[in-house]
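None of the figures in this text is laboratory data; all of them are computed from the coordinates on show. Values in this document were obtained by computation on a predicted structure and should not be read as measured data. With ideal geometry, Cβ positions are generated from the backbone for all residues, glycine too; neighbour counts draw on all protein chains shown.
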Protein chains: 4
Amino acid sequence: MSNSFGTLFRITTFGESHGRGLGVTIDGCPAGLELDVEAIQQEMARRRPGQSRLVTQRKEGDTVELLSGTFEGKTTGTPIGMVIYNQDQRSKDYSHIYDKYRPSHADYTFSAKYGHRDYRGGGRSSARETAARVAAGAVAKQLLAHLGVTIHSYVDQVGDIATNLPHEDLDLSQIDRNDVRCPDPTAAAKMETEILAVRKAGDTIGGIVKCVIRGVPPGWGEPVFDKLHADLGKAILSINACKGFAYGSGFEGVSLRGSAHNDAFYTDADGRVRTRTNRSGGIQGGISNGEDIYFRAAFKPVATIISDQESINEGGEAVTVVGKGRHDPCVLPRAVPIVDAMVALVLADHALRARSNRL
Amino acid sequence: MSNSFGTLFRITTFGESHGRGLGVTIDGCPAGLELDVEAIQQEMARRRPGQSRLVTQRKEGDTVELLSGTFEGKTTGTPIGMVIYNQDQRSKDYSHIYDKYRPSHADYTFSAKYGHRDYRGGGRSSARETAARVAAGAVAKQLLAHLGVTIHSYVDQVGDIATNLPHEDLDLSQIDRNDVRCPDPTAAAKMETEILAVRKAGDTIGGIVKCVIRGVPPGWGEPVFDKLHADLGKAILSINACKGFAYGSGFEGVSLRGSAHNDAFYTDADGRVRTRTNRSGGIQGGISNGEDIYFRAAFKPVATIISDQESINEGGEAVTVVGKGRHDPCVLPRAVPIVDAMVALVLADHALRARSNRL
Amino acid sequence: MSNSFGTLFRITTFGESHGRGLGVTIDGCPAGLELDVEAIQQEMARRRPGQSRLVTQRKEGDTVELLSGTFEGKTTGTPIGMVIYNQDQRSKDYSHIYDKYRPSHADYTFSAKYGHRDYRGGGRSSARETAARVAAGAVAKQLLAHLGVTIHSYVDQVGDIATNLPHEDLDLSQIDRNDVRCPDPTAAAKMETEILAVRKAGDTIGGIVKCVIRGVPPGWGEPVFDKLHADLGKAILSINACKGFAYGSGFEGVSLRGSAHNDAFYTDADGRVRTRTNRSGGIQGGISNGEDIYFRAAFKPVATIISDQESINEGGEAVTVVGKGRHDPCVLPRAVPIVDAMVALVLADHALRARSNRL
Amino acid sequence: MSNSFGTLFRITTFGESHGRGLGVTIDGCPAGLELDVEAIQQEMARRRPGQSRLVTQRKEGDTVELLSGTFEGKTTGTPIGMVIYNQDQRSKDYSHIYDKYRPSHADYTFSAKYGHRDYRGGGRSSARETAARVAAGAVAKQLLAHLGVTIHSYVDQVGDIATNLPHEDLDLSQIDRNDVRCPDPTAAAKMETEILAVRKAGDTIGGIVKCVIRGVPPGWGEPVFDKLHADLGKAILSINACKGFAYGSGFEGVSLRGSAHNDAFYTDADGRVRTRTNRSGGIQGGISNGEDIYFRAAFKPVATIISDQESINEGGEAVTVVGKGRHDPCVLPRAVPIVDAMVALVLADHALRARSNRL
């Protein structure tokens, strides 16, 4: 079991794809924060199925009910409980796979681990679980906004189509201007075409989300194990379909020599400590240095496809998994708000943890 | 602060580069394990400075003293305390940088966070800290060996020189046969030449460690936040100089379509559930599926170089950081046992956590 | 913040007295447990207001909605989410005290700590919060029943009226036979008379709950900090109004000499290790020894009384807190199921933790 | 396993009675604290065997070696590692009981739990383990002194001999003036006579430690589970031989009516919120209210006595445990610094946790 995340700003989630509902409890949000419930709902809308032609057409209202933790519009320091009831469950859709292991899904591993599992829509292993993360992340975002921190995730690559632009050259206020959530309009158009072609083929495609974080002051991150990038990495890798995480110069940086890779320090006109380059990705020794934090995360193609696949059932017998139903041809546009949410949760936690650095 | 790692098999470390010593306490090692103290020392030797021409020539004995937790050669279930005293400290080497921020080191961020720092050799931010991890990991490895699990990390790439061979085509028993710790002798020779050239130039170079884990049974990993790959990712990213982590098909998998990426299940001749391909990297839905687990980790070039660099001091004034002293031209050969150790710690923890899956 | 309890069988609760609802998530319940939802509701009924003349007459249905974690009647190893909506809130009842600090309540300390608080019925500091604990404890009880463990809390003392009988001489199946929840009918009758007299006087009275736990096998409890009695003590002390906890010989044992206090070991006819006396209270060195575990817990008189009291308001000005409304004259009868619940949560956790004792 | 304590100011201990040594790591001590190493050693001297005629005559220097976490006399925010080597081990003393279960010791329960145990002097179950707690607590005390908090534990009762004075009537600066550590000289003299008589009889006796804490500001304590008194209770109950904990009015308060028990609020001449009485023991709703915090803790008579006792061995056969060796006739004088230490650890932790209360 492990359905809690965070140390001081800590969430605990529950809920299955086709159970009665999902929920999350936030423990540790400081008192006195004006909480904009509508803003939570807007983040939910960014993750919601059916929001565009590029995503699954399932209909889920994803209305968040706030049950506790605020009084007269402000947080009280007590736990914030939120519930999202499931609506469009269509459990009958799944009777044909109740004992079958869908390829590259978690059906087999959940069976091997727990013995007894809810097979409907993947149960707890469904990405539906991330709805609770987004609701909690929307609260964390509001705490961070109060601290001057903003998070900008976007789709950097779909299949082989990439922006090929550094984030400094993109207008990050444009992320939600298209259905792909890529702030490079030219690349976005190509990505959209690619996703629609993949959908038509009954297939799926992967991609890369990039995230840029601005406004984090120097000093967040807790060595030696909870380094800021290590906690970000875990948070992002825990999202369904994520296969890789790299920050700063990442995998590309390994080819450089140290003399070319190092970021030189200088003092800027405002007396602030800065670095001339930012291959460190805003984090040095696991602690933020005040520069932009940025990372990339790889998402594999969704495992559910509209073709028949060979597999086995719980008895070990060969079976065919028939492709049908509604699914996401590409998880990337909906992954963006989930990445935002997980980043917000990590940063809110570290903001509080940094309060104990000094006497 | 965050100097503990793990939930049930849990380590806590302490120690600075130039303090009196380092140490680690392992809490949660089950009773009854025959502990081979010599095997711990052998892992230390794999991480030790001065072991070859490819690494720093500092002299450190790195002798581990076992202070508690065993009786008559076997663990008792009580915490295992181990201490490693520092010997070759040469603190005077560092007087020239006591108030300077070395580029791409953690000098500035530690100052910004804590106000007061031990500048000698980076203090707690030094990779010397990983000696304690290796000692603990060596105990975890012995627990895992008892469970049939083996870990094989190796150098897959140095700069632009890569093995270009899938791990299935390499003889993983040959990892320690050369100083680079690359089981592909041809690539290893080229890597060695490259590292020596870099050393001669007073520079440094990065690279990639690959890790293959065999024998993990289906069922390890704790969704939704402590997925097995998420915990591995955090563990590896917490190692000094690590910039990226990717498992299974990783960043390359994003270009594939789902129909090409999915791993088909079948039942093998022994009645075991298997997959025909392994793009999942042995983990599905965050839980091991019985196939080989594998991942790659990117390490940047070491920040300490033998050239003068422009920087600033604690007062914000421009200064020159003079390049001198002993350093690693390439951290990769010594990173291998550290990756092994962190993997062992994650797996030992998850082995115990999986004991609570079912009634 | 601290609204989670337990390590492997872990609950997280939320909810205020007069908010929309309360809830609890259980993380770590093993898969495969047949869950009797009706039995959960029965425990809620034991804690419910309005159940007898001895308790507050507020009307609360306390219906538990199970939202996740089970499938076809059995647990799946995923988190169990439960919600209890508030019904009889009567928030207007509290307008007269919105800025007043009620004596011996948590109004002042919550203000001092958080700045902003929900004053209605005490908000999060209300004992209403324990409804979520009881729902979770009812699940833990079912896990323990499967393991052969039973928990028997009862009212041992009200004011100065005590049973004066050792638990071995009481029929613990009779606890729920009277409204006081005291299995000694003679004492129960006196206690009932006392509570009704106190109620008539608009006053309140304290008392002692005793708890006897049967069937715990040797080996539960985790030294040195999570000793079984230390975790029980914390769990019980965290219940509203609890002022003391003592197990085994408790405070009385301090007067004995060691030669009189020690429990001699012997082997019984079944070859089981037993002790001839049980001043250890079933726990030695923090670990269960197979004997009955027992402890006593002191509960102060409820702070809400029907008399006017002098106090101050948030501005520090002298005010009168007018006594009115519904309240419990004696918390003891309703404390019994709460003690049961907290004990069940501690034991379920330790049952799982003990699985990692040995290789 | 559970050898860590605390959330933000967190210690991890190791070590057996007759192993090579003990140790503790403090993780989370803020940077910038001037650390007085001599003061740590002085607390060790208060716990040390052989300090007076009233305690065991074992000789242990208990020298603390500080290995990390400070630089130039001040803490750096990195973990503080301390080691205490064992000296006077006399392992041969214990060969006569290697397979025997000493009555009311943890020999049997450790065997039942772990299978394999270090029988020498009780191994990890020995109160020798608390030496590491005292070393860590001495650091916590220094942090608290910086915050204006002082801790005053003393012996309130030995056997049936009690001070019978409220703590307000005692001069708490006199605690260390006599060997018993009771600030009431008349009672102290009687207690000393009693302990010497018990020692002469080869027997042991229990007692009660009282603790008074001054200077804690309003707002420390984390409802609903980590209430300040619940964490204090757990900390104290985790000390060897402790059987009970009660704060404020404790077990005596149950006989009072609410109207007599409630503490009335008023504003004092300095504008501070105060209560006229303090039956709450300085904690309301689990949060400090600024008044003195006080509690009492019961300690049973030490189990080791100088008489033969009937018992069994690991094979279940009847044996005689021969009484011999050095032991404490009364644990109370040495329990005082251990109580101090555990209180300091709890308070240091809560001081840091309270930093996240508000925006």
Check: Taking each full run of DSSP H in chain A as one helix, which ones are at least 30 Å long along their axis (Cα atoms) and have mean Kyte-Doolittle hydropathy of at least -1.0?
Finding: A:332-353
Checklist line | Inter-label distance, nm, simple model (7 Å from Cα along the C-beta direction), D:GLU72/B:ARG177 | finding: 5.3 nm
Note to self: With unit charges on the beta carbons (Lys and Arg positive, Asp and Glu negative) and the dipole taken about the Cα centre of segment A:209-268, which residue among A:CYS242, A:PRO223, A:HIS261 sits farthest to the positive side?
What the structure shows: A:CYS242
Notebook entry, point to check: Pick from B:LEU345, B:LEU143, B:LEU332: which residue has the top mean-square fluctuation in a GNM of chain B where Cα pairs under 10 Å get a spring?
Noted result: B:LEU143
Notebook entry, point to check: Cross-link partners among lysines for A:LYS190, C-alpha distance below 26 Å, same-chain residues fewer than 8 apart left out?
Noted result: A:LYS200, A:LYS210, A:LYS243, A:LYS300
Check: Which three extents, in whole angstrom, do the alpha-carbon atoms of segment B:97-142 cover along their principal axes, largest first?
Finding: 43, 17, 16
Note to self: Within 10 Å of each Cβ in D:16-27, how many Cβ atoms from other chains are there, averaged over the peptide?
What the structure shows: 6
Checklist line | Computed [θ] at 222 nm, deg cm²/dmol, chain D (DSSP H ≥ 4; -39,500 (n - 2.57); rounded to nearest 500) | finding: -7500 deg cm²/dmol
Check: So what are segment B:197-240's ellipsoid semi-axes, whole angstrom, largest first, if each one is the square root of 5 times an eigenvalue of the alpha-carbon gyration tensor?
Finding: 34, 13, 5
Margin query: So if the hydrodynamic radius of segment C:7-119 is defined as the Kirkwood radius over C-alpha pairs, what does Stokes-Einstein give as its diffusion coefficient at 20 °C and 1.002 mPa s, in µm² per second?
Written below: 129 µm²/s
Check: Along the three principal axes, how long is segment D:82-212 when you take its alpha carbons, biggest first, rounded to the nearest angstrom?
Finding: 50, 41, 27
Checklist line | Under Karplus coefficients 6.51, -1.76 and 1.60, residue-wise ³J(HN,Hα) of segment C:10-18 in Hz, glycine/proline x | finding: 10, 10, 9, 10, 8, x, 10, 3, 10
Item checked: FRET E, pair D:ASP308, D:ARG214, Förster distance 35 Å, beta-carbon r, rounded to 0.05 -> 0.15
Next item on the list: Please build a GNM for chain D, connecting alpha carbons under 10 Å apart, and tell me which residue among D:GLY282, D:GLY258, D:GLY250 fluctuates the most.
Entry: D:GLY258
Margin query: Ignoring solvent entirely, what values of log10 I(q)/I(0) come out of the Debye formula for segment C:1-60 at 0.21, 0.22, 0.25 Å⁻¹ when each Cα is a single scatterer?
Written below: -1.06, -1.10, -1.15
Next item on the list: Determine the shielding of peptide A:192-205 by partner chains: average, over its residues, the number of Cβ atoms on other chains within 10 angstrom of each Cβ.
Entry: 2
Checklist line | Burial ranking of peptide ranges B:56-63, C:241-248 (average Cβ count within 10 Å, highest at the top) | finding: C:241-248, B:56-63
Note to self: With θ taken as phi - 60° and the coefficients 6.51, -1.76 and 1.60, list the Karplus ³J(HN,Hα) couplings across segment C:157-163 in order, rounded to whole Hz; mark glycine and proline as x.
What the structure shows: 7, 10, x, 9, 8, 10, 5
Check: Hey, got the average number of other protein chain Cβ atoms within 10 angstrom for residues in D:281-292?
Finding: 5
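What value in Å³ per residue do you get for the convex hull of the alpha-carbon atoms in the protein assembly as shown?
Normalising the Cα hull of the protein assembly as shown by residue number yields 160 Å³.
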Check: When the dipole is taken about the Cα centre of segment A:4-356, and only Lys, Arg (+1) and Asp, Glu (-1) are charged at their Cβ, what size is it in debye, to the nearest 20?
Finding: 420 debye
Item checked: For chain D, built as a Gaussian network whose Cα springs stay under 10 Å, the top-fluctuating residue of D:VAL321, D:VAL216, D:VAL134 -> D:VAL321
Next item on the list: Would you mind computing Rg(Cα) / (2.2 N^0.38 Å) for segment D:4-356, counting N as its residues?
Entry: 1.02
Checklist line | Qualifying lysines (Cα of each under 26 Å from Cα of A:LYS74; at least 8 residues distant if same chain) | finding: A:LYS141, C:LYS92, C:LYS100, C:LYS113, D:LYS227
Check: At C:VAL322 and A:GLN51, where each label point lies 7 Å from the Cα along Cα→Cβ, what is the point-to-point distance in nanometres?
Finding: 5.2 nm
Item checked: Share antiparallel - DSSP beta bridges, the protein assembly as shown, percent rounded to 5 -> 95 percent
Note to self: Need one number: convex hull volume per residue for segment B:209-359, Cα atoms only, in Å³.
What the structure shows: 177 Å³
Margin query: Could you work out the relative contact order of chain B? I mean the mean sequence separation of Cα pairs under 8 Å and 6+ apart, divided by the number of residues, in percent.
Written below: 22 percent
